[in-house]
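As structure tokens, the structure follows; a few thoughts come after it.
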Amino acid sequence: MTHKVTKAVFPVAGLGTRFLPATKSIPKEILTLVDRPLIQYAIDEARAAGITEFVFVTSRGKSALEDYFDHAPELETALREKKKDELLKVLDATNMESGAIAYVRQHQALGLGHAVWCARHLIGDEPFAVILPDDVITGEESCLKQMVDAYAEVGGNMVAAMEVPASKASAYGILDVQPSVSRCLPVHGMVEKPAPGTAPSNLAIIGRYILTPQVLRNLDSQQRGAGGEIQLTDAIAKEIETSDNVHGYRFSGQRFDCGSKAGYLQATVAFALSRPDLRDELESFLQELVATRQAAQ
Ligand code: G1P
């Protein structure tokens, strides 16, 4: 069986209630870090990992995402006439080859597992990636690329993993693993949003997955789990029982939880500080701001 991964599912059906009122009329995935929407970071990461087919699981009110990945002839003509080649190049990254991107609707908000299951007919019978755009990950090599390389060796199912403080474990899917220093760890169990004090480890699932089509079949009959939702974690956990080939991959890189306001703001500052055109001005602004606040205390 081939381990090459060319398709990725992007669950983008969520209501984004944590960012209301901003998300009343725009999808949260269009919110920007500096000048690029969250979804652009996810697509760039997927491309860097060799993904060529993109499946978006959407819901009502998400049509701005479809427009974002379409050509914009009037805008492109205007930029060409004004010889704004740099901006044309920036726009290039938002264009998709015809047929490379597909949209399916999740008609009911039944959970992440259900959202991924909605893409089953487009995935067919091959391994596929899942990227949660809320989790923005920076690093020298894209997180999904690191996983794709490791996956070529071990196959099966793989989830990105990261240590989290024990007090935060109940916000995540948590892996049951033996303590180890290696990046790629065999997983003996996984539990979605464990009750406080019951987490099997402090290694959390982060929103990058490489999954076998069997997980989609498990989702056919997946019962509701944590929070009354159909959980992707539960469908992957079944594979531990049957195939015993599920790995957690401790990626190298920094992860920002852009599903939360604090994480989103931290990402905004970090990305701006990594930009040569913004760094100096922002850095001195932040230094002054902190100094003024400290002086006032
Ligand atoms: C989802 C997954 C969870 C994972 C998390 C990572 O949860 O269900 O297992 O740890 O993403 O961001 P959510 O954040 O959608 O509640």
Exercise for review: For the range 77-96, indicate whether the set of residues that are of a type in the set (K, R), assigned to a helix (DSSP H, G or I) and open to solvent by 30 Å² or more (accessible area, probe 1.4 Å) is non-empty.
Suggested key: yes
**Study point:** Restricting the range 124-138 to residues that are more than 16 Å from the ligand (Cβ to nearest atom) and assigned to a loop (DSSP other than H, G, I, E, B), the residue that is most open to solvent (accessible area, probe 1.4 Å)
**Key:** D125
**Study point:** Subset of the range 207-227 that is open to solvent by 40 Å² or more (accessible area, probe 1.4 Å) and free of Cβ contacts under 8 Å to residues at least 60 places away in the same chain - its residue that is nearest to the ligand (Cβ to nearest atom)
**Key:** Q223
**Study point:** Failed item in (1) under 18 Å from K62 (Cα atoms); (2) free of Cβ contacts under 8 Å to residues at least 60 places away in the same chain; (3) not in a loop (DSSP other than H, G, I, E, B), with H121 passing the rest
**Key:** (1)
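Kindly indicate the residue of the range 108-118 that is assigned to a loop (DSSP other than H, G, I, E, B) and touching a residue at least 40 places away in the same chain (Cβ under 8 Å) and also surrounded by the fewest Cβ atoms within 10 Å (Cβ to Cβ) among those meeting that condition.
Once the filter is applied, the top-ranked residue is A109.
So which residues in the range 139-163 are assigned to a strand (DSSP E or B) and surrounded by 17 or more Cβ atoms within 10 Å (Cβ to Cβ), if there are any at all?
So the first thing to find is which residues in the range 139-163 are assigned to a strand (DSSP E or B), and the list is 157-163.
The answer is N157, M158, V159, A160, A161, M162.
Report those helices (runs of 4 or more DSSP H) wholly inside the range 172-273 carrying at least 2 residues which are of a type in the set (D, E). Please lay out each step first, then the result.
Details: elements: 213-220, 232-242, 261-273.
By residue number, 232-242.
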Practice item. Give A171, A204 a once-over and let me know the one that is closer than 17 Å to N157 by Cα and within 16 Å of the ligand (Cβ to nearest atom). Key: A204
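Among what's in the range 11-59 and is in contact with a Pro (Cβ under 6 Å, 6 or more places away or on another chain) and under 23 Å from A270 (Cβ atoms), pick the residue that is most open to solvent (accessible area, probe 1.4 Å). Don't jump to the end; show me each part of the working.
Filtering the range 11-59 down to residues in contact with a Pro (Cβ under 6 Å, 6 or more places away or on another chain) leaves 29-30, 38-39, 42, 57.
Filter once more, so that each one left must be under 23 Å from A270 (Cβ atoms): 29-30, 38-39, 42.
On the way: E29: 6, I30: 35, L38: 4, I39: 0, A42: 4 Å².
Among those residues, the one meeting the criterion is I30.
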Revision key, fill the gap. Residue pairs qualifying under the 7 Å Cβ cut-off, at least six apart or on distinct chains, with the first in the range 29-50 being assigned to a loop (DSSP other than H, G, I, E, B) and the second being surrounded by fewer than 21 Cβ atoms within 10 Å (Cβ to Cβ) and not β-branched (V, I, T), are L31/F19; L31/A22; V34/F271; V34/A272; V34/R275; A49/K145
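Evaluate the range 60-73: report whether one residue or more is among the aromatic types (F, W, Y), open to solvent by 40 Å² or more (accessible area, probe 1.4 Å) and under 21 Å from the mean Cα position of the chain (by Cα).
Of all residues in the range 60-73, those among the aromatic types (F, W, Y) come to 68-69.
Restricting the remaining residues to those that are open to solvent by 40 Å² or more (accessible area, probe 1.4 Å) gives 68.
This time we only want the ones that are under 21 Å from the mean Cα position of the chain (by Cα), so: 68.
Yes: the range 60-73 contains one or more residues that are among the aromatic types (F, W, Y), open to solvent by 40 Å² or more (accessible area, probe 1.4 Å) and under 21 Å from the mean Cα position of the chain (by Cα).
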Exercise for review: Scan S221, S182 and give me the residue that is at pLDDT below 95 and over 18 Å from H114 (Cα atoms).
Suggested key: S182
Review point. Counting just the residues of the range 245-273 that are in contact (Cβ under 8 Å) with a residue 12 or more places away in the chain and open to solvent by 70 Å² or more (accessible area, probe 1.4 Å), which one comes out nearest to Q108 (Cα to Cα)?
Key: K261
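The values are calculated or read from the model by the stated rules, or taken from the named source; none is laboratory data. Please read all numbers here as calculations on a predicted model, not as lab measurements. Backbone-built Cβ (ideal geometry, glycine too); neighbour counts: all protein chains shown. Protein only, heavy atoms only, side chains kept; ligands, DNA and RNA dropped before computing areas. Shrake-Rupley method; radii C 1.70, N 1.55, O 1.52, S 1.80 Å.
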